[in-house]
Amino acid sequence: MSDGGETNTSYIPAARLLELYEWKTLSPVDVVKDALARIGAVNDAVNAYCHIDEDGALKAARASEERWMRGEPSGLTDGIPVSVKDLLLTKGHTARRGSKATPEHAPERFDAPSVARLREHGAVIIGRTTTPEYGWKGLTDSPLTGISRNPWDTSKTPGGSSGGAAISAALGMAPLNIGTDGGGSVRIPAGFTGVFGLKPTFGRVPVYPPSAMGTLSHAGPLTRTVEDAAIMMNVMVQPDPRDWHATPYDPWDFRTGLDLGVRRLAVAFSANLGYVDVDPEIAAIVADAAQVLADQGAEIEETDPGFDDPKDMFDSHWNLGASRLVDSFSAEQQAQMDPGLLDVAERGRALTLAQYADAMDARVDLGRRMNLFFETFDLLVTPALPIAAFAVGQNVADPASQSDWTEWTPFSYPFNLTGHPACVVPCGFTKAGLPVGMQIVGPRYADPLVMRAAGAFEQVRPFKMPDAPNITH
């Protein structure tokens, strides 16, 4: 197989790679070699990968090349490089989860569901991407792997907790990247790094072992195009009996309808959910992006979904999960953990059973409110974040007024509580050159509609990726 004149494969979308494989004009071996070379060239500047499996990836690529040469690909992602967030188990790799407290144990014996499905479809797993310790916050730095950096400005955070996966997508290190999202951990870094990220409906993508954060946690794709995320979803939603919460399998092709547009869709545009203080520059960029949907025929109405900030409700669920996680470690292991995670766990220990029950009841009411809201509207559009990426090495954008990462992520965690599908599309840049994202939320199980709206926006405003890390100090 030749390269068909394609000399640099790092930014070729997975959908195009599959066509070139089928035509035998490009080899998975060349693509994987390019991905590994790209990682080698830029990873030191941004710290997206904590483990690279060069031997395993090349072996899988050679097997894929043989299948394509026979005209017998093994599935929908055969020969496509994939990265796996270091929270998800991968057979043959050791999952450290960004933690010095996690023993350097023998390699895992099985794959998490999304990893297993992608591997069964021939995807080439090239390595593991960075995460904060056990994914506890919306940033990507950990005691084990250090600080990960935004490719548009390496003095800024990429967000998190799937920051490594988002960086990998943005810089062409892998076209397909698996992230997890318990409070925005796919959508936050998508917004800060300018890539596409989807949090599916809860249960749509099977997850195992279950997250310490329980039913807040989802697995989803981070990619450079909506179509590539659709390809990932076609594979990741396939059933796995280990997830008791998983919804019944729907064999829908997520690529179907991506070009149908948004004409006559009833879209609610909420600039601040009724309670968020949004940077004026961000607000203007997202309002302009919402107008793109209106120009395509969507019926836009400026309105809020009608709930108060559910931060306390979210914190009750999140902090209790953190306390149960931390308490599973010995005192010696806890001494090696991120002080911020330990603090969150301490708050979780102070939570009473009655307080947690109240939070559960409030969560049920929030979900009811959103379901009723989507009786009137097809979609809800908001900013992804109220601010642009801020300096690395700190947990909050404004240490003088903020103490928790949830204080600057108010648009994401409500929809972990409700389980509704939500994606982030890159929609512009600040004057300082930092990406801005727009969030699109849909009714439960309407993941294809959310992606259709994202695809409509992408057709008018194609997503721009950085050529190389912008190294600043």
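Overview of values
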item	result
Proxy reagent accessibility, fewest Cβ within 10 Å first, across F314, F429, F192	F429, F314, F192
DSSP-loop trypsin sites (Lys or Arg not before Pro) across segment 398-457, with at most 16 other Cβ within 10 angstrom	K431
Cα gyration tensor, segment 132-212 - rounded (a/c under 1.5), prolate or oblate	oblate
Rounded if a/c under 1.5, otherwise prolate or oblate - the chain, Cα gyration tensor axes	rounded
Cut-off 11 Å between beta-carbons: net charge of the residues surrounding A14, Lys and Arg +1, Asp and Glu -1	-2
Span-rule helices in the chain, defined as complete DSSP H runs reaching 30 Å or more along the axis (Cα) with Kyte mean at least -1.0	353-376
Burial ranking of peptide ranges 290-297, 27-34, 388-395 (average Cβ count within 10 Å, highest at the top)	27-34, 388-395, 290-297
Peptides ranked, highest mean first, by Cβ atoms within 10 Å: ranges 113-126, 206-219, 62-75, 368-381	113-126, 206-219, 368-381, 62-75
Antiparallel content of DSSP bridges confined to the chain, in %, to 5	65 percent
Segment 63-109 shape via C-alpha gyration tensor axes, a/c threshold 1.5	prolate
Neighbour-count order for I188, I440, fewest beta carbons within 10 angstrom listed first	I440, I188
Unsatisfied cross-links (Cα-Cα over 18 Å) in the set K137/K199; K85/K464; K59/K91; K431/K464; K24/K464; K85/K199	K85/K464; K24/K464
Sorted by Cβ neighbour density within 10 Å, fewest at the top, the residues D315, D365	D365, D315
Burial ranking of peptide ranges 147-155, 280-288, 177-185 (average Cβ count within 10 Å, highest at the top)	177-185, 147-155, 280-288
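Where a number appears in this text, it was derived from the coordinates with a stated rule and is not lab data. On a predicted model such as this, the values are computed, not experimentally measured, just so you know. We place every Cβ from the backbone using ideal geometry, glycine too, and count neighbours over all the protein chains shown.
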